[in-house]
Amino acid sequence: MREGKPSFTAAAVAAARAVAGVDPLAPSLVEGTLSWVVRAGRTGMVPAAALNVATLGLLDHIEMRTRAIDTAVREGVAAGAAQLVLLGAGLDARAWRMHELADVHVFEVDPPSTQAYKRSRIGARRPEAKDVTFVSVDFARDSLQDELARAGHDPEAVTFWIWEGVTPYLPLEAIRATLSDMASRSAAGSRLAVTYATPLATPLGPTFTRVALAGFRLVGEEIVGQLSTDAMHAELANVGFRVLDDASARDWAGRFGRGRPRLMLVDE
């Protein structure tokens, strides 16, 4: 985490969403070099397809992941979710862009420095959600359960949880503890959309994987939590979640790629 700033990956995800056109607020949430990249991609100064290749499919991957989770959120709200909790919300702007959240209480959980940056960029924009509560949590010290309770989250109301792009940066003990906390505050009918990295990491092979992992270490965001599909299903079952759907990145492309070939090089 950069002091007073969102993580590099959070900013990169927002930039990718901006260029891909899946988040109209995203361009205003990034700054510096990434802001230039967004302008270049959106204006055609640098073709989005070229940016996608240069970033090894990041634009396609984030677009498909965003569309997949958006769809899951809509289905969850239609099934009765009255609360949405985003764990490690980063620069996610769903509460400001999804009209389906008009009757939903949104709780965004993140370290205070990330939230301060995000709130300064969001400004006075009115959310599409019923309301948005920022829950400041230092994950190394604070109890997620306690902080959510203090913020007004109702464990008796149906909740939709989003845990997007976070588990790869957590050791297994932290993943288990967070799943347990979520399960304990989930009324019957609650749902969780969680992404996870598998040990395969990428179809490009082990050498590329080692280089990519070294790159994450260099920016201070080491990948430490990789789980096979069977292992992730077991962790979910251990706290009482039942898997409704488990789609890979390539599955997302098939479902939401709008008939265009997509460059999906990360096994998520």
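Put simply, the amide H of Glu128, placed in the peptide plane, has neighbours under 5 Å in Trp96, Arg97, Met98, leaving out anything fewer than 5 places away on its chain. Amide H contacts of Thr133 (H built 1.01 Å from N, in plane; Pro and chain starts excluded): Val106, Phe107, Glu108 sit under 5 Å, all sequence-distant by 5 or more or on other chains. Extending 7 Å from Cα along the Cβ direction at Ala174 and again at Thr9 yields two label points whose distance is 1.0 nm. At the residue level, Thr71 shows approximately 40 square angstrom of accessible surface with a 1.4 angstrom probe and all protein chains present. Given +1 at the Cβ of Lys and Arg, -1 at the Cβ of Asp and Glu and no other charges, the dipole of the range 1-124 around its Cα centre is 320 debye to the nearest 20. In this structure Ser248 has an accessible area near 30 Å², from a 1.4 Å probe over the protein heavy atoms.
Rounded to the nearest 20, the size of the Cβ-charge dipole of the chain about its Cα centre is 980 debye, with Lys and Arg at +1 and Asp and Glu at -1.
Calculate, in nm to one decimal, what Trp36 and Glu156 gain on full extension: separation in residues at 0.36 nm each, minus their alpha carbon distance.
That works out to 38.7 nm of additional length.
Note on Arg42: accessible area is roughly 140 Å² with a 1.4 Å probe, heavy atoms of protein only. In terms of Cα atoms, the Rg and Dmax of the range 10-101 work out to 13.9, 44 Å. Determine which residues of the range 155-189 fall in the zone a paramagnetic label at Arg242 would reach in this model, i.e. backbone nitrogen under 14 Å from the point 7 Å along Cα→Cβ. Residues 188-189 qualify, since their backbone N sits under 14 Å from the label point. Most simply put, the chain has about 0% antiparallel DSSP beta bridges, counting only bridges with both residues inside it. Distance between the modelled labels on Arg126 and Asp146, one decimal in nanometres: 3.7 nm (7 Å Cα→Cβ projection). Taking each pair of distinct Cα atoms in the chain once, what is the resulting Kirkwood hydrodynamic radius in Å? Value: 19.0 Å, from the Cα pair sum.
The values are calculated or read from the model by the stated rules, or taken from the named source; none is laboratory data. From a predicted model like this one, the values you see are computed outputs, not experimental measurements. Methodologically, a virtual Cβ is constructed for each residue, glycine included, from the backbone with ideal geometry; neighbour enumeration extends over all protein chains shown. The area values use the complete protein model at the heavy-atom level, side chains included, leaving out ligands, DNA and RNA. Shrake-Rupley method; radii C 1.70, N 1.55, O 1.52, S 1.80 Å.
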